[in-house]
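The values are calculated or read from the model by the stated rules, or taken from the named source; none is laboratory data. Since the model is a prediction, treat every value here as computed from it, not as a measurement. Glycine gets a Cβ as well: all are built from the backbone with ideal geometry, and neighbour counts include every protein chain shown.
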Amino acid sequence: MFLNKQNKEQIDYYVNLLQVGASISNLFSDSSIPYIHYRYVENLFCKSFSARNLSRTDMSADASKETLGIGIKTFTYKSGISFEKVAEFDKDMATLRDKSVEVIVGEVAKLRNERIDATKRTFALEGIIYHCVVRKPGKLIVYETPMDKINLEKINIDKTDGGVINFHDDKGEYKIYLSKSTLLKKFSADKVHLEFNAEILKDPFSELQKLLSKFEEVVIPTEKEIDTIFLPLYSYKDGKPYVYPKSGLNIWHAGGRPRDLGEVYIPIPAWIHKEKSDFFPSRDTKFILIKPDGKEMTAKVCQDGSKALMSDPNNQLGQWLLRTVLGLNEGELLTYDKLEELGIDSVEITKISKDKYKINFTKTGSYEEFKDNIDKNELDSPTS
């Protein structure tokens, strides 16, 4: 696993800061069970162990170090056993609800497995585990367990009760909540790696006030926020998301001239250039694009209106996107259904400097949410 390979100083730092986070639980709850926000645990884990933070990508791993992916879970002890959400299939489930239980379980299992595989391909991982921080009265428990794919050959359906399907394979137990379109997995604290006290302060507000007084005269410098945009991996047809067979990520299939099977571009909607005019460099100006696995490629915006994000050479982006991440064979067209299967239909582009950017995958609907927020900000802005 992961923890048994980390040094004592890192583990002590991690434990101490988990205890600090738990100590202010009364800011949010009056329970004897410590409350720690899952984002705090994800960020603390990455800081403590010098891991890459993948939580914003909304894929199966929240962090990675070297070739190991880590899914970080935070939940309540519940006698050592708990079913926790591990995947969500909103749009996929809409087409499955009228199917038989066997079909639903089989399709959800395939989708889950493909998302795990896609995460491995995207971040160049050899394996993925779960790192669990479990909360119980006055204590915290930390343990790790493999993130196994569901064995399609060993699925057994246990029961269906009120829209909940229970099933298991040879390594784990699962539940599908049809109404919530979610897959839950059974977690069991059989082999605990760490267990330690978590004292909750009775009046955390007083402690924060003491801390604040120490910084009253300190001026904290502010750093300009790094700008971020979202780009769709699709276009629209009849008002619905659609991947055209001869443009965008399928431009390799277009006619007119011989094309490499890896030639693609990511569409840049015209409104982004209008709203974020200084985000990208000018047309055909090369810059560095850092992939989620930390490797770099050269990229540029091109075509009329700078409507396309491409790599240089122009097949490098396609080989990575189509083959490595999406798992398509050469000559296989990308469809929006495939993007929905993986739960990703857009990318996040983060500007680090004028000639360096990062690219990450984001969950289905992220581009639409980004666009809606831009539109809302415009509506909320006062007119002159």
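One line per residue, one yes/no per condition, for (1) at negative phi; (2) at pLDDT 95 or above; (3) touching a Cys at 6+ places or on another chain (Cβ under 8 Å); (4) of a type in the set (Val, Ile, Thr):
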residue	(1), (2), (3), (4)
57	yes, no, no, yes
89	yes, no, no, no
98	yes, no, no, no
104	yes, no, no, yes
109	yes, yes, no, no
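For the range 275-287, state whether one or more residues are over 29 Å from residue 87 (Cα atoms) and in a helix (DSSP H, G or I). Yes, the conditions are met somewhere in the range 275-287. Of all the criteria given as (1) more than 30 Å from residue 306 (Cα to Cα); (2) modelled with pLDDT under 95; (3) in a strand (DSSP E or B), the one not satisfied by residue 174 is (2).
Just checking, does the range 257-275 include any residue being among the small types (Gly, Ala, Ser) and either within 25 Å of residue 67 (Cα to Cα) or outside the structural domain of residue 358 (by TED's automatic domain parsing) (or both)? Within the range 257-275, none of the residues are among the small types (Gly, Ala, Ser) and either within 25 Å of residue 67 (Cα to Cα) or outside the structural domain of residue 358 (by TED's automatic domain parsing) (or both). Scanning the range 326-347 for residues that are at pLDDT below 90 and either in a helix (DSSP H, G or I) or surrounded by fewer than 18 Cβ atoms within 10 Å (Cβ to Cβ) (or both) yields a total of 3.
Applying a threshold of 6 Å to beta carbon distances and a minimum spacing of six or more residues, or different chains, the list of pairs starting in the range 200-214 at a residue that is in contact (Cβ under 8 Å) with a residue 60 or more places away in the chain and ending at one that is surrounded by 10 or more Cβ atoms within 10 Å (Cβ to Cβ) and of a type in the set (A, V, I, L, M) reads 204/24; 204/27; 207/201. Can you name the residue in the range 348-384 that is among the hydrophobic types (A, V, I, L, M, F, W, C) and outside any helix (DSSP H, G or I) and is also modelled with the lowest pLDDT among such residues? Result: 361. Restricting 352, 251 to residues that are outside the structural domain of residue 121 (by TED's automatic domain parsing), touching a strand residue (DSSP E or B) at 6+ places or on another chain (Cβ under 7 Å) and either surrounded by 18 or more Cβ atoms within 10 Å (Cβ to Cβ) or closer than 29 Å to residue 55 by Cβ (or both) narrows the list to 352.
Evaluate the range 37-47: report whether one residue or more is modelled with pLDDT of 90 or more and more than 16 Å from residue 74 (Cα to Cα). Give the steps one after another, and end with the answer.
From the range 37-47, those modelled with pLDDT of 90 or more are 37-47; that's our starting set.
After this cut, where a residue has to be more than 16 Å from residue 74 (Cα to Cα) as well, the list is 47.
Looking through the range 37-47, at least one residue is modelled with pLDDT of 90 or more and more than 16 Å from residue 74 (Cα to Cα).
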